[in-house]
1. Across the stretch 192-214, what is the number of residues that are modelled with pLDDT under 75 and either touching a Lys or Arg at 6+ places or on another chain (Cβ under 6 Å) or assigned to a helix (DSSP H, G or I) (or both)?
2. In the stretch 1-26, how many residues are under 18 Å from the mean Cα position of the chain (by Cα) and either modelled with pLDDT under 75 or in a loop (DSSP other than H, G, I, E, B) (or both)?
3. Check PRO459, PRO430 and return the single one that is part of a helix (DSSP H, G or I), free of Cβ contacts under 8 Å to residues at least 40 places away in the same chain and not basic (Lys, Arg).
4. For the stretch 564-618, which positions are at pLDDT below 80 and not hydrophobic (A, V, I, L, M, F, W, C)?
5. Out of the stretch 238-261, which residues are part of a helix (DSSP H, G or I) and within 22 Å of LEU185 (Cα to Cα)?
6. Would you check which residues across the stretch 370-403 are in a helix (DSSP H, G or I), over 23 Å from ALA436 (Cβ atoms) and either in contact with a Lys or Arg (Cβ under 9 Å, 6 or more places away or on another chain) or open to solvent by 60 Å² or more (accessible area, probe 1.4 Å) (or both) and list them?
7. Pick from the stretch 409-423 the residues that are open to solvent by less than 60 Å² (accessible area, probe 1.4 Å) and under 22 Å from LEU518 (Cβ atoms): which of them is nearest to the chain's Cα centre (by Cα)?
Amino acid sequence: MQDVGALFFGATIIMFFSYERFNRVTYDGGQQLKRLVDLLSPDKLRARRVVLNAYLFYALTLVVIYLLFCVYAKLLPVLGGPNLFSAEIGANKLPSGSSETASNLVGGFNKALELWTASLSDPSVAAVPKFDIGIPPTVSLTIALIMVGLAPSFPVLQRFEDWLRGAAHRLAGIPTHVIGIGEDLRRNDVGILADKDSVKGSNLLIATGNWDRMKKYESAAEKELTAPDFFKRDLQIIFAICSWILERRLKLRNSKERQRFERLEEELHRRTNDLIQQLDERAGYRLGISSEKTPNESEDEVTERERASWERLAENADDLADDLCILLALYVEHEIIVMDGASTGKPSLQQDLAFARLKNFLGNLSAPTHVRSYAMVSLAWTVSVTLVIFLLWSLVPGKYETALQVGNSGDIYRRALTYMFNATISYGMPAVVALALRDGGLQARRWQRIWSHWTLRMPQTAIVFFVSWAVATLFLVGLELWKIAVTQGSGADEVSIWWSLRTSFEYNAPITARGALLAMLIIRLLDVKLEIERAPSAVDPPSSFFVGIRAALLMAVCGAVTRYANAWSAAINAIQPRPGLDSIDWGLIVYSALSSAIIGFFVIFCIAETVFRHDRKADATTGTETGAARSSFLQAFLRRQILPWRRAS
């Protein structure tokens, strides 16, 4: 029991202590972030939901690697890791250089397990055969501590962790997302400010002295700079964002989230004040002449010095404008700036005009900057509904299904755990992989929706289906290899191992195909939601019930076909091969079709109700009835069921 507890405790350590490593910077910062990289950790560069998705991908992958290292711990020295089997390892014999915290954690866990086991032991009860998974507790805990950084790592694992962290960040669009938005703002041709005389005397919440400063700077730099127009745009961005955002003259939303960026605002405000002070000195704003000729300088030398000084200040202004645009991108990403045309309190005319100018400058970016993928919601519904259905299935139908397979129904608890574990791997893992690939494609803007041409969407569908199916299948085949290592140990030969792996693949590969198909149905449903969000007037939300029925029919066919393949594999690989299928096989095919249909209906129904409920509420609120007669039930049915699955004209 200690080895099982230590294995799960190690996985828990990875899930809870790996966030600090995930939040380390994996990028050099580039030109846009080199000045702000110390103030912007990766979890600040995207919304919390997106960061959570990337972290779960990172942590779950680490857990899978952790399990593989635990099973094949004897191979660690080959990879450059510690030899955990060189001697009998105790809490005081961790790899060389381990921290005192790691030693205390392993030793304390071992002592706690010993006390817990001793408290449960009863000498009057006959001894029960010990269940051994073949992984010593100290090995699993040591590997967990190595992976989270509480114990020294080895080069191969360190390089893989760096690559995995970078992949998770790229999956979430860190830092490319806000950099891209900032670059879009810099390319925006619409001026953020105009002459205050053109807006009915309003100063747009900009201090009068700053308007005078801008005019003074522009006139002084017009003949000194090679690109005075760019300098003028940079000044408009700097003074507008400094007044509206940094000086908090516009009321924004989500003040709790904004507190995370206080240091960034303070740094940008300081740089703005420094730049204004330097420009005041150079332009001679209320300070007399901006520069004086020294006795040893000629007129040409003075002109060259002034031009170099203005170019340097223009470059600083350009860098500051870039960083302020990144600040706007961050605030739009975290929904601190929400341009919905409404403001809190009683806005004045100047506030309304300032909001209008900011919205005009943001353009399409004033809407939510990321397309909601519904990946986490869909995954939660898939796993939870699947586990509940298979738990209930194991109570009654599973009793008879198990009796057909092995000759007896077995213990109810063992049967329930078996069904739920198989459901998690067969349905949960393909969904995780498929939704992660879709999320990455959406963030990279490379995802081809269902309305795309078949030459674009078919290769994408095939790749996602194959990868999600292959990952789940490899996991189940790896479990079979682990069972062989635990039960047979060194007595296993190459022939028996190959036969076990082949039969395991032939049996499990069709089962995981059901999960891959369900994942593709979920992705198709989410793509419909994406199309509705982009063209709400062209596509109506489908009915959850009929979408669930379609999914149930497809999953029933898939369940029957895959179980038919399982039956043929079992008949061929039996000790006494059978020439064909018998009545037991056909009964199992019926059970498989029924369970797959139930899973398909309830999973798709629940996800459809979740992602489309806002659309239905909007339809119910606005209504569609006018003076004309209402459509018939058949017309409404065709409009809701057929049009969403076809490209809007």
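1. Residues in the stretch 192-214 being modelled with pLDDT under 75 and either touching a Lys or Arg at 6+ places or on another chain (Cβ under 6 Å) or assigned to a helix (DSSP H, G or I) (or both): 4 in total.
2. 5
3. Going through PRO459, PRO430 in turn, the sole match is PRO459.
4. Answer for the stretch 564-618, where residues must be at pLDDT below 80 and not hydrophobic (A, V, I, L, M, F, W, C): ASN573, GLN576, PRO577, ARG578, PRO579, GLY580, ARG613, HIS614, ASP615, ARG616, LYS617.
5. ILE238, PHE239, ALA240, ILE241, CYS242, SER243, TRP244, ILE245, LEU246, ARG258, PHE261
6. VAL388, LEU391, LEU392, SER394, LEU395, GLY398, LYS399, TYR400, THR402
7. Per the criteria, the residue is ALA423.
Residue-by-condition table, conditions (1) at pLDDT 85 or above; (2) not charged (D, E, K, R):
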| site | (1), (2) |
| --- | --- |
| GLY173 | no, yes |
| ILE181 | no, yes |
| ARG187 | no, no |
| VAL190 | no, yes |
| LYS216 | yes, no |
| SER219 | yes, yes |
| PHE231 | yes, yes |
| ALA240 | yes, yes |
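The values are calculated or read from the model by the stated rules, or taken from the named source; none is laboratory data. Bear in mind that the values here come from a model prediction, so they are computed numbers and not experimental data. Cβ sites come from the backbone with ideal geometry, for glycine too, and all protein chains shown count toward neighbours. Areas reflect the complete protein model, heavy atoms only, side chains present, ligands, DNA and RNA absent. Shrake-Rupley method; radii C 1.70, N 1.55, O 1.52, S 1.80 Å.
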